[in-house]
Amino acid sequence: MTPEDIEVLRRTLVRQPEIVSFKDELKLASLVASLGIQREAGTLNDEMARFVFDAETGEIIPYHHIRSELVQYNGAVGVRIWAEGHERIDLRFRGIQPLLHPRFSYREDGSIYQCVFFPESIAKILALQGAELVLVREWGMNTIFGGFDPEKHYYQTNFWELENNDTLRFAKLVESRKIPFLEPTTLSLISPE
Amino acid sequence: MKKNLKMIAMAGFNLAVNTVAVMAASSSSQAAVSNTSMLGNNQGSTNTQVNSISMASIEKSFLEVPRMCKDRSAAFDPVPVGREEVPSQVVAIHLALDSAQGAVA
């Protein structure tokens, strides 16, 4: 995406309600979520990285080996995450495998060579459990469109969360079975199993 | 930003549940206080007891937070999971993208 594309996306998001449901704004929400994940992957803020191991050596893969890009498939926007120099990856995080698109993530022998997520599919998977995938507009504005710096640790944003009483907002959303899509590990709250 | 938020949220849930329980207990006690007051008992001393029970319970709930956070953190430690079974309904959702109308692959 070009800086102009991102600015258009930002202006579109800012006009949305406080809580943006994937049900109502599937394409917009999918693009924003994919962009957020793509930008965090392989940085200090990549919270999925600590679950990503090399399946052959059993060692954790250094986060700076992790790469990502936006992908599009039959109109669906998603994100592809892979680890440079690692042929097979072992995701040591229960509940995440069902969220991967099987065709693009697994080899025929069942090993995982990359992670391809399509947020719109994840929204449908969560709907099976009676949960609704949402974006919190302000979180998107603060992180994705708020001058995201991959060199800075998320502690900076944690203060922002405290000031905005986001714990309460998060709790209220989860109480009403709305899952804010921040990253794949967020979905551990409701796994499709 | 997220892991800490989740941990705090979960701790907050438990704390809220405990606090609600304390409030419910307090309400019952206060109702009892009103009744006994009508009967001419010493309302002041009963209120003191209610307050001390509430504060102790609330304090206990707060003291539980670090342990709950630690437990929650442990739940997020990497664990080998092998190949996970994917429900057929979930597979169908993924594969539906293959036949979706729209843009270029």
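Side notes on the structure shown:
- In Å², nearest 10: area of A:LYS23 left accessible to a 1.4 Å probe: 150 Å²
- Accessible area of A:LEU31 (1.4 Å probe, protein heavy atoms only, ligands and nucleic acids ignored): about 40 Å².
- If the segment from A:GLN72 to A:GLU87 were pulled out straight at 0.36 nm per residue, it would be longer than the present Cα-Cα gap by 3.1 nm.
- A cut-off under 13 angstrom between Cβ atoms defines the neighbours of A:PRO17, and their net charge, with Lys, Arg +1 and Asp, Glu -1, is 0.
- For A:LYS124, a cut-off of 12 angstrom between C-alpha atoms picks up these aspartates and glutamates, skipping any fewer than 8 places away in its own chain: A:GLU132.
- Estimated inter-spin distance, A:GLU4 and B:VAL79, nm [label 7 Å along Cα→Cβ]: 5.1 nm
- For the residue pairs A:LYS178/B:LYS70; A:LYS172/B:LYS60; A:LYS27/A:LYS178; A:LYS27/A:LYS172; A:LYS172/B:LYS70, the alpha carbons lie more than 20 Å apart in A:LYS178/B:LYS70; A:LYS172/B:LYS60; A:LYS27/A:LYS172; A:LYS172/B:LYS70.
- Order of exposure, largest accessible area first, which applies to B:ILE58, A:ILE112 with probe 1.4 Å: B:ILE58, A:ILE112
- Contact surface B-A: accessible area buried, both sides summed, square angstrom, 1.4 angstrom probe: 3900 Å²
- Sorted largest first by accessible area at a 1.4 angstrom probe radius, with every protein chain in place, the residues A:GLU59, A:GLU132 fall in the order A:GLU59, A:GLU132.
- Peptide A:120-126 has a mean shielding of 4, counted as Cβ atoms of other protein chains within 10 Å of each residue's Cβ.
- Of A:MET1, B:MET55, B:MET68, the residue with the largest accessible area leads and the full order is B:MET55, A:MET1, B:MET68 (1.4 Å probe).
- Note on B:LYS60/A:GLN129: beta-carbon distance plugged into 1/(1 + (r/R0)^6) with R0 of 51 Å gives a FRET efficiency of 0.90.
- Scaled radius of gyration (Cα, divided by 2.2 N^0.38 Å) that the stretch A:1-101 gives: 1.22
- Across peptide A:62-74, the mean count of Cβ atoms from other chains lying within 10 Å of each residue's own Cβ comes to 2.
The values are calculated or read from the model by the stated rules, or taken from the named source; none is laboratory data. For clarity, every value in this text was computed on a predicted model and none was experimentally measured. As a convention, Cβ positions derive from the backbone with ideal geometry for all residues, glycine included, and neighbour counts pool all protein chains shown. Heavy atoms of the whole protein, side chains included, go into the accessibility calculation; ligands, DNA and RNA do not. Shrake-Rupley method; radii C 1.70, N 1.55, O 1.52, S 1.80 Å.
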